[in-house]
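Shown next, in C-alpha cells, is the structure this report addresses.
The values are calculated or read from the model by the stated rules, or taken from the named source; none is laboratory data. Nothing here was measured: the structure is a model prediction, and the numbers come from that model. Every residue, glycine as well, gets a Cβ built from its backbone with ideal geometry; the counts of neighbours run over all protein chains shown. Only protein heavy atoms, including side chains, enter the accessible area calculation; ligands, DNA and RNA are left aside. Shrake-Rupley method; radii C 1.70, N 1.55, O 1.52, S 1.80 Å.
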Amino acid sequence: MKQIYDLGEMPPTGVVPDKMYASVIRSDRYGPPGKAFRTEIIDVPPLGRGQVLVYMMAAGVNYNNVWAALGKPVDVIGARRRKGEAEDFHIGGSEGSGIVWAVGDGARDVKVGDHVVVSPGFWDETAPDIRAGADPITSSTQKAWGYETNFGAFAQFALVQDYQCIPKPDRLSWVEAAAYMLTGATAYRQLTGWNPNVVRPGEPVLIWGGSGGLGSMATQITRALGGIPITVVSSEQRGEYSLRLGAQGVINRNDFGHWGRLPDIGDSDAFDLWLQGVRSFGTRFWEKLGERRAPTIVLEHVGQDTIPTSIYLCDNAGMVVLCGGTSGYHGDVDLRFLWMRQKRLQGSHFANLRQCHEVTQLVARGYIDPCLSYVGSFEEIGMAHQLMHDNAHPPGNMAVRINAHAEDDQYSGCTS
C-alpha cells in the first residue's frame, strides 16, 4: 500500500493511506487568504465512533474560512488548542461532496461507496439538551464543521459524523453538489423554519444580497414555495443575474444613502433625513412589486447597515430573519416599530437534518439550481477565498475540485 496517493488518484477500495494532501492554515500565516492557505502533507485522521471518512471530490468556498485565514474575529486554532485538541493547524472547508471511504464503529445509515453531500451542521447527539428534545442546531454542542472543527473539506479525506452525509442528487456533478448545502439549507431554514412566519403563496419577500450565494438560494426557494422575491443588489449586472433566477424585481442599493446605524431619535434633523431615505426605499419596493404591500419576510444577513431599514419596512406581524452581520454586529432598532406593529426579529443559524434533506430534494427535482459560478483547482483554494475577501468573486456559489477531474466534471453555471 502506498503511504500517500496523488490528488485525483483513487486508492483501492477499502485502502486508507497514512498520509493525505490538505490545504492548511497555520497561525503564523494568519492574514490575507491567498497567503494563509498552503498545501501540506498531513496524517489521515483516525476514525472515532459514529464517524465517517469521506474521499472528497469537491468542496464549497464560504466566508467562514476567510475568517479562519485572517485569524479573526476568532483564532480557530487557538480556540481548539485551549480545549485540549492537539493539532496546531486548521483544515477548513464547511461543505463538499465525495465518496464514503471508511465507516467507524456505530456509524449508521451510510456505507462504503455511497456518494454523499456533506452538511456543515455538527453537534453531539448524546448531549443532554438534544436528548431532552432540543433541535440539534440549537444545541450548546453545535459547531460549524470545517470552521470550528478541524479536518474539513479542503483535503483528500475529510472526517465527518455519520448524520452529516446526505445522499448526493444524481443530476449534479461533483462540483455542483459541493456548493449548495451551506447557503441553500441556511436560506431554507430562514424561510420555512419559523412558524407562523414562513413563505406563503403570493406573499412578498425582501432578500438582501440577491446575487450572492445565500440570496441566489433564497430567491429560488421563495419562488418554489410560491412567494414573490424582491432582491437588493449592488450593480445592474448583478440585478440581471438575480432576475434570471426568478426575482420579481431588483433594487440597487447604491441608489440610496441612508445605510448605517440608526440616528439618535433625539436628533430630529438626522432622524427625519433617515426617515426620508427609508421611505424612498420602501416606495422603490412597491414599484418593483407592482402594488403597495410590505414584505412579510425580510431575509437578512447584512446586519448593521440594513437592520434599521429591514425592521421599518417589514409588514405588521411580519418577520426579519437574520443569519449574519457582514456589515457589523450593532443592530439598531426603533422599538416602536417592533412592538406597536408586532414585528419579529428572529435569529437563524444554518439548519437541522430535516431541512438539509428537504432542500436537497428541491435541488434533486430541479427546483433549485446550485448557481455555481466559479470552479477552482486544489491549488487555488487560497485564491478563491482571497476573491471572496476582496468582494471580487462572481455572483452565486463557488467551489474547488479536490479529487475530481476537470474533464469529468463539467458544469454550466447557474441554469435557472
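So what is the 222 nm mean residue ellipticity for the chain from helices alone, if each DSSP H run of at least 4 adds -39500 (n - 2.57) and you divide by all residues, rounding to the nearest 500 deg cm²/dmol?
-8000 deg cm²/dmol, from helical runs alone.
How much accessible surface does Leu225 have with a 1.4 Å probe, in Å² rounded to 10?
Near enough 60 Å² of accessible area.
In whole Hz and in residue order, list the ³J(HN,Hα) couplings for the range 40-51 that follow from phi through the Karplus curve 6.51 cos²θ - 1.76 cosθ + 1.60, θ = phi - 60°; x for Gly and Pro.
For the range 40-51, the Karplus-derived couplings read 9, 9, 10, 5, 5, x, x, 7, x, 4, x, 9 Hz, x marking Gly and Pro.
Using only Cα atoms, locate the centre of the range 117-133 and the centre of the range 180-250, then give the distance between them in Å, rounded to an integer.
With the range 117-133 and the range 180-250 each reduced to a Cα centre, they are spaced 28 Å.
Using alpha carbon centroids, what distance separates the range 13-59 and the range 357-403, in Å?
Centre-to-centre (Cα) distance: 19 Å.
Starting from the residue with the highest accessible area, list Tyr374, Tyr63 in decreasing order, probe 1.4 Å.
On the way: Tyr374 35, Tyr63 90 Å².
The most accessible residue leads, giving Tyr63, Tyr374.
Let me cross-check Leu289: its accessible surface, 1.4 Å probe, with only protein heavy atoms counted, in Å² to the nearest 10?
Per-residue accessible area (Leu289): approximately 10 Å².
Between the range 298-338 and the range 251-289, what is the C-alpha centre distance in whole Å?
13
Using only the heavy atoms of the protein chains and a 1.4 Å probe, how would Ser140, Ser373, Ser119 rank by accessible area, largest first?
On the way: Ser140 105, Ser373 40, Ser119 5 Å².
Heavy-atom accessible area, descending, gives Ser140, Ser373, Ser119.
What nm value, rounded to one decimal, do you get for the distance between Glu240 and Asp255 when each label is placed 7 Å out toward the C-beta?
1.7
Please give the per residue accessible area of the chain, computed with a probe of 1.4 Å over protein heavy atoms only, in Å².
That works out to 42 Å² per residue.
Percentage of Cα-Cα pair distances in the chain greater than 42 Å, rounded to whole percent? All intermediate terms of the calculation are to be shown ahead of the outcome.
Details: 11902 of 86320 pairs.
Looking at the chain, the distances longer than 42 Å represent 14 percent of pairs.
Which shape class applies to the range 270-347: rounded if a/c is under 1.5, otherwise prolate when a/b exceeds b/c and oblate if not, where a ≥ b ≥ c are the square roots of the Cα gyration tensor eigenvalues?
Since a/c stays below 1.5, the shape of the range 270-347 is classed as rounded.
Note down the accessible area of Glu9, probe 1.4 Å, to the nearest 10 Å².
Approximately 60 Å² for this residue.
May I ask you to compute the full-extension gain from Glu9 to Ser377, defined as 0.36 nm times their residue separation minus their alpha-carbon distance, rounded to one decimal in nm?
131.0 nm
Under 24 Å from the Cα of Lys111, which lysines turn up, not counting those fewer than eight places away in the same chain?
Lys111 reaches Lys2, Lys19, Lys168.
Take the solvent-accessible surface of the protein heavy atoms, probe 1.4 Å, and return the percent of it on the chain that carbon and sulfur atoms account for. Kindly include the intermediate steps, with their values, before the conclusion.
Working: 8470 of 17480 Å².
Answer for the chain: carbon and sulfur cover 48 percent of the accessible area.
Taking the Cα centre as origin and putting +1 on Lys and Arg beta-carbons and -1 on Asp and Glu beta-carbons, what dipole magnitude results for the range 43-185, to the nearest 20 debye? Write down the numbers at each step before the final one.
Details: 12 positive and 17 negative charges, 28 e Å.
Charge dipole of the range 43-185: 140 debye, to the nearest 20.
Among Trp101, Val74, Ile91, pick out the residue whose Cα is farthest towards the positive end of the charge dipole of the chain, where Lys and Arg carry +1 and Asp and Glu carry -1 on C-beta, about the Cα centre.
Comparing the listed Cα positions along the dipole, Val74 ranks first.
Using DSSP, restrict attention to beta bridges with both residues in the chain and report what percent are antiparallel, rounded to the nearest 5.
Of all bridge pairs located within the chain, approximately 60 percent are antiparallel.
Would you work out which of Gln237, Leu275, Gln248 lies farthest towards the positive end of the dipole of the chain, given +1 charges on the beta-carbon of Lys and Arg and -1 on that of Asp and Glu, about the Cα centre?
With unit charges placed on the Cβ atoms, the residue in question is Leu275.
Largest first, how would Leu372, Leu243 line up by accessible area (1.4 Å probe)? Intermediate values should be presented prior to the final figure.
Numbers: Leu372 5, Leu243 80 Å².
Of Leu372, Leu243, the descending order of accessible area is Leu243, Leu372.
What distance in nm separates the two pseudo spin-label positions at Ala86 and Arg293, each 7 Å out from Cα along the beta-carbon direction?
Using points 7 Å along Cα→Cβ, the separation is 6.0 nm.
To test your reading of the geometry: what angle, between 0 and 90 degrees and rounded to tens, separates the Cα axis of helix 236-245 from the longest principal axis of the chain?
70
In degrees from 0 to 90, rounded to the nearest 10, what is the angle of the helix 213-224 Cα long axis to the longest principal axis of the chain?
70
To make sure I understand the rule: partners must be aspartates and glutamates, Cα under 17 Å from the Cα of Lys72, and not fewer than 8 residues away in the same chain. Which ones qualify?
The qualifying aspartates and glutamates are Asp28, Asp88, Glu148, Asp390.
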